[in-house]
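**Student:** This is the structure I have questions about; it appears just below.
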Amino acid sequence: MVVYLAFMWIRIFLLFSLYAPLTLAQSSDAGGVKVSLQRYSGPATVSVQSLDKFKQRVQLERNGETQPLNVRVELPKSGRQVWPANDVEVRDEAGEALLVQRSGIEWENIVVPVAGKLNAFMVQALPPAVPAPQTTAEKDRVIQDEVSGAEVRIANWPQGRTAALSIRFDDSHPTHLSKAIPILGEYGFKGTFMVNPGPKEAGSRQNYAFETQLAEWAAVAERGDMELANHSAHHRGAKGDEDMDREIGSAAEAIWKLTPGKSKLLALNLGGGTQWQTTRTLRHYLDKYHQFDASSGSLGMDDSYGGRVEAFRKALATHLDRGLWCRVHYHYIGEGLSSSEANFRAALDIAKAHQEHLWIAGMADIHKYQTERSSAKVTLLKSDAKSLAFQLDCATDATLYDQPLTIEITPPAAWDAAKVAMKDASGAALPVQRAESGGRHRLRFEVPARKGVYSVSTTP
């Protein structure tokens, strides 16, 4: 019996020694990038090698396997090794771009079909064709003038608010028109509506609500108190470059048509549960159609998740404490739907209680302000005991980034705050918002996010 047990243990050990390397080799990790064979347990193996910071070579060893395989590549989405997923493409070793598949809201995960003679490919991040505006340092956004004693600062958020809040709604559902928008109007809040404006497709049983309620959506766009955003034309993903281009581009164009004369910059969310096949980077489509990626960092408010009102309360408190942008999103509003009206109103009540400290705005508005401010600076030109002049510079494209920046002036104690004025280069006085905090006066002015010269002075 002892001999038999020893023999069985030796057999198990040998079997484990033989197959353990094969099991481990069906997944690999390098520089935080993980690769694996998707839904596979045969003899083929896969490995990954780091060639550069954002360049990896993936090698497939078929070991007799003749069937087509799918290699799953998972890019780090946080931490020190995070990849710019929107700028990533996949090419074979001859330099040919490969058609890969990605999830609409998990662009960092890539499925690469491997068939025929393809045994290796490169995963790499490309430099954006349209470089992002250069970021300035926080010290460049403030002037502490020793001569006049005044301080000039580009405010963190408009009107001196502490944090920002966006409230998003997906899928252009009829309850957005019948419930969400009227209720938001009661509270005086602006929402962002991710719409699917594509017409009904041949062979599809889907009755697209946006198309059947176009007149009502057009009225919403004309009023301008809500924001429309891109959720793709049909919320079905895409099979190829041309299809993806149509899904993003036609939706953008439909929204632009409803908002003539306004900035074309739109939030884009490709939608959960959708699969997108393309050889191109997401950045290609974002730049082509003046979109920005709005697919991550949002708190889902569907009742099915449980405890949504309390989760929102905690999230909002954290963002207020840190001075950040809090994002939440809904689907359908009403009894028996994604979010009950009672829970929707309860969350809005929480936001209302903090409204003094919150900038509640559309996603594009908030994105614009953040981007403008991060690329802006103020430079002192001259000053004396009763005045100063400064220049504002901003590196963003003013045709797209048209959200005014808030300039906050803290005058010295010797100045009568009621008699302080700020003028532009033409000598026109700017409207002022006056506030007091910690015993000091603060004056806030809104200015265009572009180069300009301004003067601040006090009169006797």
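**Student:** Rounded to two decimals, what ratio of Rg to Rh does the chain give with C-alpha atoms and a Kirkwood Rh?
**Tutor:** 1.07
**Student:** Could you list the chymotrypsin sites (Phe, Trp or Tyr not before Pro) in the range 75-169 that lie in coil according to DSSP, counting only those with at most 10 other Cβ atoms within 10 Å of their Cβ?
**Tutor:** Loop-located and lightly packed - none at all.
**Student:** Quick check: residue separation of L430 and K262 times 0.36 nm, minus the Cα distance between them. What number comes out in nm?
**Tutor:** The span from L430 to K262 would gain 58.2 nm if fully extended.
**Student:** Now a separate question. Using just the helices of the chain, give the 222 nm mean residue ellipticity in deg cm²/dmol: DSSP H runs with n ≥ 4 each add -39,500 (n - 2.57), and the total is spread over all residues, rounded to 500.
**Tutor:** Only helices count here, giving -7500 deg cm²/dmol.
**Student:** Kindly work out what percent of the DSSP beta bridges joining two residues of the chain are antiparallel, to the nearest 5.
**Tutor:** 75
**Student:** For the range 386-460, rounded, prolate or oblate, judged on the Cα gyration tensor with a ≥ b ≥ c (square roots of eigenvalues), a/c < 1.5 rounded, else prolate if a/b > b/c?
**Tutor:** Prolate shape, in that a/c is at least 1.5 and a/b is the bigger ratio.
**Student:** Also: Considering the Cα positions of the range 161-361, please state its Rg to one decimal place and its Dmax as a whole number of Å.
**Tutor:** 16.8, 51
**Student:** Determine the principal axes of the Cα atoms in the range 22-125, then give the extent along each, sorted from largest to smallest and rounded to whole angstroms.
**Tutor:** 37, 28, 27
**Student:** So, one more: In the range 158-181, which residues have a backbone nitrogen under 20 Å from the label point lying 7 Å from T212's Cα in the Cα-to-Cβ direction?
**Tutor:** 170-181
**Student:** Of the listed pairs K264/K451; K34/K239; K139/K423; K77/K200, which have alpha-carbon separations greater than 29 Å here?
**Tutor:** Long pairs (Cα-Cα over 29 Å): K77/K200.
**Student:** Along Cα→Cβ, 7 Å out, is where each label goes; now give me the distance between the ones at E335 and K55 in nm to one decimal.
**Tutor:** 6.2
**Student:** Less than 14 Å Cβ to Cβ from G334, Lys/Arg counted +1 and Asp/Glu -1: what total charge do the surrounding residues give?
**Tutor:** -3
No lab work stands behind these numbers, since they all come straight from the coordinates. The structure presented is a predicted model; accordingly, all values stated were derived computationally and were not measured. We place every Cβ from the backbone using ideal geometry, glycine too, and count neighbours over all the protein chains shown.
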